[in-house]
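The values are calculated or read from the model by the stated rules, or taken from the named source; none is laboratory data. Because the structure is a prediction, the values reported are computed rather than measured. Reconstructed Cβ throughout: ideal geometry from the backbone, glycine too, with neighbour counts over all protein chains shown.
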Amino acid sequence: MPVVLVPLLIVLDQTLKLWALEHLDAIPDPFLPGLYLTLVRNTGMAFGLLPGQAGVLAWVSLAVGGGLLVYLARARPGGLRETALSLLAAGALGNAIDRIGRGWVVDYLDIGPGLWPVFNLADVCVVLGVLLLLLPSRRRPRAF
């Protein structure tokens, strides 16, 4: 089931980005308490690092996302680890599509002007995937 998450999340990510391009601008628009919608064209990566390096970052994102897909195709289905890796793959590939197609990533989620960099669903997938990987394993150690 986790591998099925990858295309679903990529389609949702790209759909939301297209919606943002059509309906948002650079002026923060209140959406929910503590959440604004703000269109940002991100030519770098998280926190404004490596601005203007979309080409290099596209290849890195493709390599990470593609490598995770290959791993997931060979892994046992199910499990928290596979879900986490599926989230990471979807996030990497979602942003790679932007970098390749536009030369920049569409960001639109804003938790408050100036409080945190504007981000998108692909970024959320990456963060959730990493957090799931950091959860302690509930497996019992093998007895010898």
Problem - Where GLU82 falls short, out of the listed (1) within 23 Å of LEU21 (Cα to Cα); (2) in contact (Cβ under 8 Å) with a residue 60 or more places away in the chain - result: (1)
Exercise for the section: For segment 71-99, enumerate the residues that are hydrophobic (A, V, I, L, M, F, W, C) and either crowded, with 17+ Cβ neighbours inside 10 Å or at pLDDT 95 or above (or both). Expected result: LEU72, ALA84, LEU85, LEU87, LEU88, ALA89, ALA90, ALA92, LEU93, ALA96, ILE97
Handout entry: Options GLY48, GLY66, GLY34, GLY91: the member that is among the small types (Gly, Ala, Ser), under 17 Å from the mean Cα position of the chain (by Cα) and under 19 Å from PRO113 (Cα atoms)
Key = GLY48
Handout entry: Residues being closer than 12 Å to GLN14 by Cα and in contact with a strand residue (DSSP E or B) (Cβ under 6 Å, 6 or more places away or on another chain) - total across segment 109-129
Key = 1
Problem - Criterion violated by LEU133 - all others in (1) touching a Gly at 6+ places or on another chain (Cβ under 8 Å); (2) hydrophobic (A, V, I, L, M, F, W, C); (3) part of a helix (DSSP H, G or I); (4) free of Cβ contacts under 8 Å to residues at least 60 places away in the same chain satisfied - result: (1)
Practice task
Go through segment 55-70 and give me each residue that's of a type in the set (A, V, I, L, M, F, W, C) and at pLDDT 90 or above.
Solution key: LEU57, ALA58, TRP59, VAL60, LEU62, ALA63, VAL64, LEU68, LEU69, VAL70
